[in-house]
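Below is one structure, written out as structure tokens; comments come after it.
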Amino acid sequence: MAKMDRIFDLLHILQANKYATTAHELRERLDGCSESTLKRYIRTIRDEWNLPLQYDRKYEGYLLDKTDDMYAVPGLWFSAAELHSWLFIHELIDRLGPGLLKTELRPFRNRIEKMLSLQGIATRELGKRFAFLGTGIRICCPETFRFAATAVMERKRLQLRYHSRGDDTISLRQVSPQRLIHYRGNWYLAVWCHTRNAPRALALERMSEVVSLDEGCIELAEEELRDWFTASFGIFTGRPEQEAVLVFSRESARWVAEEQWHPGQKGRLLPSGEYELRLPYADQRELVMEILRFGPEVRVEAPPELQNAICERLALALRRYKKNESEKK
């Protein structure tokens, strides 16, 4: 590992210098390494890494050819720990959805694996040592992801068909993509929808027949984007108009107190040992589902509309259980 660190140091020196650097100067800057050691480092850079390191006879020094495309390989300037982190990110992206960025990242991954193998570090067992678990993850078409990502970066409009899960309708939309959002294991495209004349968060797996248009995007201000897409709890768009006040039981308090439901949340431990959590929200649909998963371990203190929604859902569930039991008899 020390050898590799010194080779990286040598690369950094050569990268920073516009002119040829003599072997004597290089040896001094590498803590006085021997002439034979310096030659081994140079052979590694030239022969194993295929970098354009040249010897300038006129100035009797070494120089990296910065006009060569091979010079611009980012992985070569990372430490072993950073390379491992990149491999971890590659594995994570590969699990976010089948094929997402996999093809684009493969050459980069191969380069990183080669670099680590030169340091005697195995990478093939990475998948065995890290586990990525998830629930409720929906499959996103890689082609749709590619269209969305390209449109976000190139600031081009998209035309698409969108299958709304809420009312089970399909509509033709023209949108100005603003940003990609990865939320709870799923991908969403934050857009200004020209068809609805309003901001929307569209689930990528509900998009089809996506076409890139030549027309540029309408740009929303950063403050407006925050208001519509991050100011309220959940993925539904809208400026927060309500504040939910939730009180969790003593048994749940120690768990919920360590969770972040929203950046703007406020929490406090009550004298009873219960935990009070306050959340800004605009649309209660996702919040209702989140509250229901805690069952009897939480109660809604405010607002009344949210209380009623929870009571109605619990009453409906109870009626269905009772109906099922009566039908069995």
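Key figures
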item: Restricting the range 230-309 to GluC sites (Glu not before Pro) in coil, as DSSP defines it, with at most 13 other Cβ within 10 Å; result: Glu241, Glu258, Glu259
item: Per-residue HN-Hα couplings for the range 49-58 [Karplus 6.51, -1.76, 1.60; θ = phi - 60°; Hz; x = Gly/Pro]; result: 9, 6, 8, x, 8, 10, 9, 8, 5, 5
item: Charge tally in the Cβ shell below 13 Å around Pro177, where Lys, Arg are +1 and Asp, Glu are -1, Pro177 excluded; result: +4
item: Gain in span if fully extended, Glu259 to Leu180, counting 0.36 nm per residue against the direct Cα distance; result: 26.1 nm
item: Solvent-accessible surface ranking, highest first, for Lys156, Lys18, Lys266 at 1.4 angstrom; result: Lys18, Lys266, Lys156
item: Qualifying GluC sites (Glu not before Pro) for the range 158-229 [loop in DSSP, other Cβ within 10 Å: at most 13]; result: Glu219
item: Accessible area of Phe8 in the full protein assembly, 1.4 Å probe (Å², nearest 10); result: 20
item: From phi via Karplus (6.51, -1.76, 1.60), per-residue ³J(HN,Hα) for the range 315-324 in Hz, x at Gly/Pro; result: 5, 5, 4, 5, 4, 5, 5, 5, 5, 4
item: R0 of 51 Å, Cβ-Cβ distance Glu325-Asp5: FRET efficiency to nearest 0.05; result: 0.15
item: Largest to smallest accessible area among His182, His24, His262, His163 [probe 1.4 Å]; result: His24, His182, His163, His262
item: The range 173-329 - convex hull of the alpha-carbon atoms, volume per residue in Å³; result: 163
item: Residues whose placed amide H lies under 5 Å from that of Phe233, excluding near-sequence neighbours; result: Tyr281, Ala282
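The values are calculated or read from the model by the stated rules, or taken from the named source; none is laboratory data. Since the structure is predicted, the reported quantities are computational estimates derived from the model, not experimental observations. No Cβ is skipped: glycine too gets one built from the backbone with ideal geometry, and neighbour counts run over all protein chains shown. Accessible surface is based on the protein model in full, side chains and every heavy atom, while ligands, DNA and RNA are left aside. Shrake-Rupley method; radii C 1.70, N 1.55, O 1.52, S 1.80 Å.
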